[in-house]
Amino acid sequence: MPVEIPVQIKKTLATLKSQMEKAGLEGTCLVSNDKIIYFTEQQSQVVEVPNLKRESDAQRLHSHMTEFLEDLRRKEVTPRSMESPPGRTWEEKMTLICTQLSMGSPYHISQLLYYYLLGTLMEEKVWNKEAKNVVKRFIYICN
């Protein structure tokens, strides 16, 4: 009885075949669930392929849970968390913070710091209409 290969794997193999033809590779690839071996008449070599599976948000959260809990248990306030954003005026500080937020830092801790600083600056203006308009302008420009 023949093995039924899923359509998605067939598509991936067709892409591999096409890429090999474009690259001018005339050897053979042996693909298994744990490795890929490329053969020619003279030699063979194992092809290192990185794991491309992305960790889900839940898996990432779970793997860092101990760190997060330790941070929450900490009672002291670190000086870094209370840094004032650079800039002489409120507008300069707001510009820097909104720019940093729009760049979407991959480090969630620093991004959280910028949101905290944004809230602090908004609080200085008592969340007035001028402050809200500045933030709206940045959100509009960045989208």
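All of the numbers you see were taken from the coordinates with simple rules; none came from a lab. This one's a predicted model, so the numbers in the text were calculated from it and none came from an experiment. Note: ideal-geometry Cβ built from the backbone for every residue, glycine included; neighbour counts use all protein chains shown.
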Pairwise FRET efficiency - K17 versus E41, Cβ, R0 = 25 Å, nearest 0.05: 0.85
Loop-located GluC sites (Glu not before Pro) in the stretch 1-73, at most 13 other Cβ atoms within 10 Å (DSSP): E4, E26, E41, E48, E55
Restricting the stretch 26-67 to trypsin sites (Lys or Arg not before Pro) in coil, as DSSP defines it, with at most 13 other Cβ within 10 Å: K35, K53, R54
Scattering curve values for the stretch 7-47, log₁₀ I(q)/I(0), Debye with Cα scatterers, q = 0.24, 0.27, 0.29, 0.35 Å⁻¹: -0.89, -1.03, -1.10, -1.17
